[in-house]
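S.K.: Have a look at this one before I ask anything.
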Amino acid sequence: MEWETVVTGKPSYILPTMKEINAIPWNGLTVISTFSGCGGSSLGYKAAGFRVVWANEFIPAAQETYAANFPQTILDKSDIRNIQPEAVLKAIGMASGEIDILDGSPPCASFSTSGKREASWGNVKKYSDTTQRTDDLFFEYARLVDGLQPKVFVAENVSGLIKGTAKGYFKIILARLKECGYNVRAKVLDAKWLGVPQSRKRVIFVGVRNDIDKAPAFPVPLCYYLSLRDAIAQCGEPVEAESDIARYAIGKEWRKLVPGQKSAKYLNLKRTSMDKPCPTVTQTGNIRGAACVLHPLECRRFSIGELKRICGFPNDFVLTGTYSQQWERLGRAVPPPMMAAIATAIRNKVFDT
């Protein structure tokens, strides 16, 4: 079962299983993935019929989850700064210019509208289970684009990249990607208009190599959105004890809010509404007692089963590690249905398959 692009009506929210996704016939196109995380983008490409032949992920906990779900994909665990295009091509048995799509979601915390942004630029700071500088990683991605010369590249980042001071970074990144020999467009897409019951705005860069003479393609937004009720009403997932937040300050604040209201006291605290898409699920919701999106009817965080559905992951997608690590994986991931819609548009309009 492939995620379908439906332009009229509102279908039921039915996610395919991993078995169904793995059974989708190969469309003949290959993808290599960078900054792969737990595999949200990779799963979207697979749902659109692509084959993900190589992936890179630096965070050990994310590597474990990725390997559990994509055993046929070569997983490189190096820091991207140490990856050379020649080594990638040798690993997959291809030559420069033969890869169909190079995908990547360079870590975006430095450009997020939540937090201090500019104060962290140029600094090494905590990132997941490691420490690293993140605001330069887009240029490492561009270095691989230049060296591998894929037919198409797709890159994802937070919408904050085009806001305020970060616009300067955006313009430099865009110019660098064009210098690699590509017709490049960037567009802000919201996952809630692409079949995901979550409002998640992201800047999507699509570049098509100049010699292919095709325009970058983007999906057409749906005419409906899926609500939190569509996502979790029938979930039936047991709630982990550690997800309870009643004893924390945010639990007291939650009781003051009505469903759909955000806290004026805690910036990231939102009591969600059952009848609207969930607000953006961020990786910081994995911290016990931290302000984040909370259940609309019960004083708690979402269960992992509920989060999977909110983020567009199949129920049988394997998430390894603790509750906190699993939340972080989902909070950092590109929702698979969103990437499936992007990949389908590129498949149909650029590759004509």
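The values are calculated or read from the model by the stated rules, or taken from the named source; none is laboratory data. Note that this is a predicted model, so its numbers are computed, not measured. Ideal geometry is used to build each Cβ from the backbone, glycine not excepted, and the neighbour counts take in all protein chains shown.
S.K.: Please go through the stretch 317-353 and pick out each residue that is touching a residue at least 60 places away in the same chain (Cβ under 8 Å) and assigned to a loop (DSSP other than H, G, I, E, B).
M.R.: 317, 318, 319, 320, 321, 333, 334, 335, 350, 351, 353
S.K.: Return the residues of the stretch 166-218 that are out of contact with any Lys or Arg (no Cβ under 9 Å at 6 or more places or on another chain), within 27 Å of residue 330 (Cβ to Cβ) and among the aliphatic types (A, V, I, L, M); say none if nothing qualifies.
M.R.: 173, 186, 194, 196
S.K.: Hey, another quick one. Could you go through the stretch 272-282 and let me know if any residue there is modelled with pLDDT of 95 or more, among the charged types (D, E, K, R) and over 20 Å from the mean Cα position of the chain (by Cα).
M.R.: Residues of the stretch 272-282 that are modelled with pLDDT of 95 or more, as a first pass: 272-281.
Remaining after also requiring among the charged types (D, E, K, R): 275-276.
Next, from what is left, pick out any that are over 20 Å from the mean Cα position of the chain (by Cα): 275-276.
Within the stretch 272-282, one or more residues are modelled with pLDDT of 95 or more, among the charged types (D, E, K, R) and over 20 Å from the mean Cα position of the chain (by Cα).
S.K.: Here's a check for you: in the stretch 288-308, which residue that is aliphatic (A, V, I, L, M) and free of Cβ contacts under 8 Å to residues at least 40 places away in the same chain is surrounded by the fewest Cβ atoms within 10 Å (Cβ to Cβ)?
M.R.: By that ranking, first place goes to 297.
S.K.: Something else now. Output the number of residues of the stretch 337-348 satisfying the condition of being surrounded by fewer than 24 Cβ atoms within 10 Å (Cβ to Cβ) and closer than 14 Å to residue 187 by Cβ.
M.R.: Count: 1.
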